[in-house]
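The values are calculated or read from the model by the stated rules, or taken from the named source; none is laboratory data. Only a predicted model underlies this, so the values are computations on that prediction, with no experimental measurement involved. Heads up, the Cβs are rebuilt from the backbone with ideal geometry, glycines too, and the neighbour counts pull from every protein chain shown.
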Amino acid sequence: MRKVQFVAVLWTMILAIPLTALALSLVAYTTEHLTQISTMIANFSLQTTAGGRGWVLEFAQRWPEVAGMVIGQLVILIILLVARRSAKADEKSET
């Protein structure tokens, strides 16, 4: 039993120590280069959209369409569920 505990602690430390160091280094890198990273993301957004408007404006303009499609799918799903329940109720009442 003690060997199992030792192996579990050993593997936990073998995994935890390097991954903790990696996480700390990534946080330090992100902190030091945050302005460059955000500028890169903004430039990518402007370069990859039609007319250079940016992804935020594109998504802001398209969300009503997406919301309408989601609501339409939910309505269809509710209709199917109600139709199945009424069909099952009709089958039970006939027998």
Task: region 51-73, residues that are at pLDDT below 90 and in a helix (DSSP H, G or I) - done: 51, 52, 55, 56, 57, 58, 59, 60, 61, 62
TODO: Have a look at 42, 89, 67, 50 and point out the one that is surrounded by fewer than 10 Cβ atoms within 10 Å (Cβ to Cβ) and among the hydrophobic types (A, V, I, L, M, F, W, C).
DONE: 50
Task: Selection count where residues are at pLDDT below 90 and hydroxyl-bearing (Ser, Thr, Tyr), scope region 3-50 - done: 3
TODO: Can you confirm whether region 19-35 contains a residue that is assigned to a helix (DSSP H, G or I), surrounded by fewer than 10 Cβ atoms within 10 Å (Cβ to Cβ) and among the hydroxyl-bearing types (Ser, Thr, Tyr)?
DONE: yes
- [ ] With the condition kept exactly as written, say whether any residue in region 82-90 is farther than 30 Å from residue 38 by Cα, assigned to a helix (DSSP H, G or I) and modelled with pLDDT of 90 or more.
- [x] yes
